[in-house]
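Worksheet: one structure, shown below.
The values are calculated or read from the model by the stated rules, or taken from the named source; none is laboratory data. Since the structure is predicted, the reported quantities are computational estimates derived from the model, not experimental observations. In this analysis, Cβ positions are derived from the backbone assuming ideal geometry, glycine residues included, and neighbour counts consider all displayed protein chains. The accessibility values were calculated without ligands, DNA or RNA, using every heavy atom of the protein model including side chains. Shrake-Rupley method; radii C 1.70, N 1.55, O 1.52, S 1.80 Å.
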Amino acid sequence: MFRQLLHSLSPSLVHSGRWSSLDCITNRALFSTQTTATAKMSLEEAKKCAAYKAVDEYVKDNTVVGVGSGSTVVYAVHRIAERVKAEGLKLVCIPTSFQARQLIIEHGLVLGDLECNPRLDCAIDGADEVDAKMVLIKGGGGCLLQEKIVASCADRLVVIADYTKDSAKLGQQYRKGIPIEVAPMAYVPIKGKVESRFGGTLKLRMAVAKAGPVVTDNGNFILDWSFPADKEHDWDAVNREIMMIPGVVDTGLFVGMATKAYFGQQDGSVTERSA
């Protein structure tokens, strides 16, 4: 997966094997000399710039780092591995999913767990959407529970994303809804209760390469809630109320958890937002 993403980038950077956050600035200058039609970076390049800048600013020696899930995190792990090799950093990496665990192992990083490392210095993770108040929607990849557990154990949650994930309000750009991880036996009553209380519609997420629903790493189902976008929501209150429904394991709403967000832009720059 990482190799496919890497080869979609600038050939000169791929062949060099190294790309620091400074290279994003250099690449930005290169793009600025081209015509408007060809000057836009790909989403993958924007993701990489955000991931590299976050790793360069937040990953320190002798720390425990939470490794999130998703396509943007692939670049973060690659950059962490580069710095470990170049600088001799001593890190322990805590995964948030099977995918994250495999990335850590494949890059030769030290794999840890919450039993031995219950407190993390930082967690670096992606997001499906980030609003102006730093409320996140996560769980598009089905890893929301473990992502939230690891984030809750970290002193800082650092979000990395491309510019399409940056919104003034939730639902502005991400239209797949808020994931809710549920116990399989309870998905029908939970669906009815959330729709009755908050409106919108909930759909059981179905698998692509297997018959039936998606089953999370924890053996649960996921309901995707297309919430009413025409009204304001107190997401903290909404999240707390949904969490009180028996059978709800967790939601993809991350409220008051993120410390900082990095968004890779089309021109190669990276914008930042702090909580």
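At 20 °C and 1.002 mPa s, what whole-number value in µm²/s does Stokes-Einstein give for the translational diffusion of the chain, with Rh from the Kirkwood sum over Cα pairs?
111 µm²/s
Using +1 on the beta carbon of Lys and Arg, -1 on that of Asp and Glu, and nothing else charged, what's the dipole of segment 43-264 about the Cα centre, debye to 20?
Using Cβ point charges on Lys, Arg, Asp and Glu, segment 43-264 gives about 280 debye.
Taking amide H positions as placed 1.01 Å from N in the peptide plane, with prolines and chain starts having none, which residues 5 or more places from Ala154, or on another chain, fall under 5 Å of its amide H?
Amide H neighbours of Ala154: Leu120.
Report the Stokes-Einstein translational diffusion coefficient (µm² s⁻¹, integer) for segment 51-122, Rh taken as the Kirkwood radius over Cα pairs, at 37 °C with viscosity 0.692 mPa s.
276 µm²/s
Hey, can you grab everything whose amide H is under 5 Å from the amide H of Asp250? Only 5+ residues off in sequence or another chain; H modelled, so Pro and N-termini drop out.
Glu181
Residues with beta-carbon under 13 Å from that of Gly88, excluding Gly88: net charge, scoring Lys, Arg +1 and Asp, Glu -1?
Result for the neighbourhood of Gly88: +1.
So for the chain, averaging the separation of alpha carbon pairs under 8 Å that are six or more residues apart and normalising by length, what relative contact order in percent results?
22 percent
Taking a probe of 1.4 Å, how large is the accessible area per residue of the chain, in Å²?
Spelled out: the 1.4 Å probe surface of the chain, per residue, equals 47 Å².
Round to a whole number: what % of the accessible area of the chain belongs to carbon and sulfur, probe 1.4 Å?
After summing per-atom areas, the C and S share lands at 55 percent.
Out of the DSSP beta bridges found with both residues in the chain, what percent are antiparallel (nearest 5)?
55 percent
What aspartates and glutamates does Lys60 reach when the alpha-carbon gap must be under 17 Å and sequence neighbours fewer than 8 apart in one chain are set aside?
List returned: Glu82, Glu87, Asp121, Asp125, Asp155.
Got a sec? Charge dipole of segment 201-260, +1 on Cβ for Lys and Arg, -1 for Asp and Glu; which of His233, Thr216, Gly256 is way out at the positive end?
Thr216
Roughly how many whole Å is it from the C-alpha centroid of segment 192-228 to that of segment 130-168?
First find each Cα centre; the distance between them is then 19 Å.
Expressed as cubic angstrom per residue, what is the convex hull volume of the alpha carbon set of segment 61-173?
Once divided by residue count, the hull of segment 61-173 is 96 Å³.
Of Lys165/Lys260; Lys48/Lys210; Lys40/Lys165; Lys148/Lys260, which pairs sit farther than 22 Å apart, going by alpha carbon to alpha carbon?
Distance filter (> 22 Å) returns Lys48/Lys210.
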